[in-house]
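Trainee: Please read through the structure below; I'll follow up with questions.
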Amino acid sequence: MRSDKRGEGRGVAFPAAFFCMACVAAALFQAFPAQGEEAVRTLTLEECLALSEANHPDLAGADAKREAERRRLSLTAVEDRVQASASASAARSGREGAPSGSSYTAGVTASVRVFDANRTKYAVEAQRGTLAATEAEGRKTRLQVRYGVKKAYMDLLLAGEVRGQRKESVDSFRLHLERAKGYYETGLKPKSDVTKAEVDLGNAQLALVEAESNVRVAQAALLNAMGVDLDGPFEVRAEDRALPESAEGGAEALALEHRQDYEAANRRTLAGKAEVRSAARASSPSLSLRGGYSAGGEEISSLSSEWNVGLSLNVPVVDGGAASARTDIARAQVRSLEAAREALRQNILLEVRKAVLNIRNARERIRIAGLTVAQAEENYSLAEGRYRTGVGDSLALSDALLALTDARLSVYRARYDLQVAQFALESATGVELTEPEGAE
């Protein structure tokens, strides 16, 4: 009896232990990818934006342009700074029948412009305006890069949603084919139903292949928008972002205040006006202070020195009309800059209005698409029920399933259009306004 009980206890304990070991093995199998498989990296929108700011070549180019303009500003300001130079020489000479001799000279000269009718001052002011415009354009480039990343991110999310819906369609049409075969074998449905189901399944599989290709294209586009080439597979996490309630009403004023390209246009116009003032003073007199010190002689220990200080006045008399022509050119460039600024202002307002209208249209499309999905689901349920009971035909069921797929895709596209329209409004205003839904 005791031996039977012990055997019975072992019989119960062994399956329990085996079950525990199987659970542990399954957990470890899920925790670590299989050999040869790469772990899929999941990226958030903020991570994609951070990668773009660290790697995008357009941002590096904008930094280089800004640095170049800073150096030009320093070069323009040289005329008002003290300039000095030093020289030294040593020579030895001789001729036949006479002893050779040595000579040594050293000297320092310096000059500074005292007066030039503010020509250099206005040239520096013009270059400062150009530098400020370049900096504003760099900020605009940054926003454009971020907008490109956001749009590419949403493109990939939409492609993933479409792929998921196409997979569901393939599963549904495969199930429909199995049912059609079963009904045909029992004599409830004709052979044409099986053929129709096979064709529908093939079309659904072809649409799935296209959706898979679109996902890979969208992934490549996102990498290009970020300016990186990630190793290994990756995917993105769905994230809905929303605008503040007051964003649409004050978007136009916000754009004219914060658009960096509009600020750059203003800066370039001001720089052009300063360039006109500088060019108009090209025929004005200039006064410079010069001085120097030098020493020379045949022996280093006994050099004789001299110094000199003086003023140099330069008065242009006739320049053949060059100064007048340069001034007229600068004035014409200012008029061109002002016209371009006005055209940009009008385009900014148009961008803002279009973005606002697209946002409102997308919201309405989401509402209508939701109703369409509800109706398509009801129609599909009815068609499936009729087909299952033998009353409906295969064509009605196929049409209902296709209509349901299209209705669900219309919801995805409407949500995508809303997100992209919100990002377009950010680009149009020059301010990042959207926040993740639910964020305080």
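Please treat every number below as a calculation from the coordinates, not as lab data. Just so you know, these numbers come straight off a predicted model, no measurement behind them. A quick note on method: Cβ atoms are made from the backbone with ideal geometry, for glycine too, and the neighbour counts reach across all protein chains shown.
Trainee: For segment 244-261, what does the Karplus curve 6.51 cos²θ - 1.76 cosθ + 1.60, with θ = phi - 60°, yield as ³J(HN,Hα) per residue in whole Hz, taken in order and with x for Gly and Pro?
Mentor: With the stated coefficients, segment 244-261 comes to x, 4, 8, 5, 5, x, x, 5, 5, 5, 5, 5, 5, 8, 10, 5, 6, 6 Hz.
Trainee: Also, quick follow-up: So if we plug the beta-carbon distance of A110 and R66 into 1/(1 + (r/R0)^6) with R0 = 35 Å, what FRET efficiency do we get, rounded to 0.05? The partial results should precede the final answer.
Mentor: Working: r = 33 Å, r/R0 = 0.93.
Step by step, r from the Cβ atoms, then E = 0.60.
Trainee: Here's something else I'd like to know. Magnitude of the Cβ-charge dipole of segment 126-281, K/R +1 and D/E -1, about the Cα centre, nearest 20 debye? Can you show the working numbers first?
Mentor: Details: 25 positive and 25 negative charges, 146 e Å.
Here the size comes out at about 700 debye.
Trainee: Is the chain rounded, prolate or oblate when judged by the Cα gyration tensor, a ≥ b ≥ c being the square roots of its eigenvalues, rounded requiring a/c under 1.5 and prolate requiring a/b larger than b/c? Don't skip to the end; give the middle numbers.
Mentor: Working: a/c = 4.09, a/b = 2.21, b/c = 1.85.
Prolate shape, in that a/c is at least 1.5 and a/b is the bigger ratio.
Trainee: For the chain, with only Lys/Arg (+1) and Asp/Glu (-1) charged at the beta-carbon, what is the dipole magnitude about the Cα centre, in debye rounded to 20? Don't skip to the answer; put the middle values down first.
Mentor: Details: 58 positive and 62 negative charges, 130 e Å.
That gives the chain a dipole magnitude of about 620 debye.
Trainee: Listing H258, H176 from the residue with the fewest other Cβ atoms within 10 Å to the one with the most, what is the order?
Mentor: On the way: H258 14, H176 23.
If I rank by nearby Cβ atoms, fewest first, I get H258, H176.
Trainee: Right, next: Order by neighbour count: E69, E275, fewest other Cβ atoms within 10 Å first, most last. Before the final figure, lay out each step's value.
Mentor: Numbers: E69 19, E275 24.
So the residues, fewest neighbours to most, are E69, E275.
Trainee: Check which residues have an amide H placed less than 5 Å from E235's amide H, if you skip close sequence neighbours.
Mentor: For E235, whose amide H was placed from the backbone, the distant partners under 5 Å are R41, T42, L43.
Trainee: Compute the Cα gyration tensor for segment 300-440, then decide on rounded, prolate or oblate, letting a ≥ b ≥ c be the square roots of its eigenvalues: rounded whenever a/c is under 1.5, prolate when a/b is larger than b/c in the other cases, and oblate in all that remain. Could the numbers behind the result be given before it?
Mentor: Details: a/c = 5.27, a/b = 3.48, b/c = 1.52.
In terms of gyration-tensor shape, prolate.
Trainee: Karplus couplings for segment 361-370 from phi (6.51 cos²θ - 1.76 cosθ + 1.60, θ = phi - 60°), rounded to Hz, Gly and Pro as x?
Mentor: 5, 5, 4, 5, 5, 4, 5, 5, 5, x
Trainee: Now for a different question. Measure out, as a whole number of angstrom, how far apart the alpha-carbon centroids of segment 72-117 and segment 330-393 sit.
Mentor: Here the answer is 72 Å between Cα centres.
Trainee: Residue by residue through segment 381-387, which ³J(HN,Hα) values in whole Hz follow from phi under the Karplus form 6.51 cos²θ - 1.76 cosθ + 1.60 (θ = phi - 60°), with glycine and proline marked x?
Mentor: Those phi angles translate into 4, 5, 5, 5, x, 5, 5 Hz.
Trainee: In the chain, with Lys and Arg counted as +1 and Asp and Glu as -1 at Cβ, which of these residues, T120, V356, A77, has the Cα nearest the positive end of the dipole, that is, farthest along it?
Mentor: Checking the options against the dipole of the chain, the answer is T120.
Trainee: Continuing with the same structure: Given H placed 1.01 Å from N in the peptide plane, which residues other than close sequence neighbours of K189 have an amide H under 5 Å from its amide H?
Mentor: Correct list: Y184.
Trainee: A further question follows. In percent, what relative contact order does segment 172-269 have, based on Cα pairs under 8 Å that are 6 or more apart in sequence? Can you show the working numbers first?
Mentor: Details: 24 pairs, mean separation 16.1, N = 98.
Relative contact order for segment 172-269 comes out at 16 percent.
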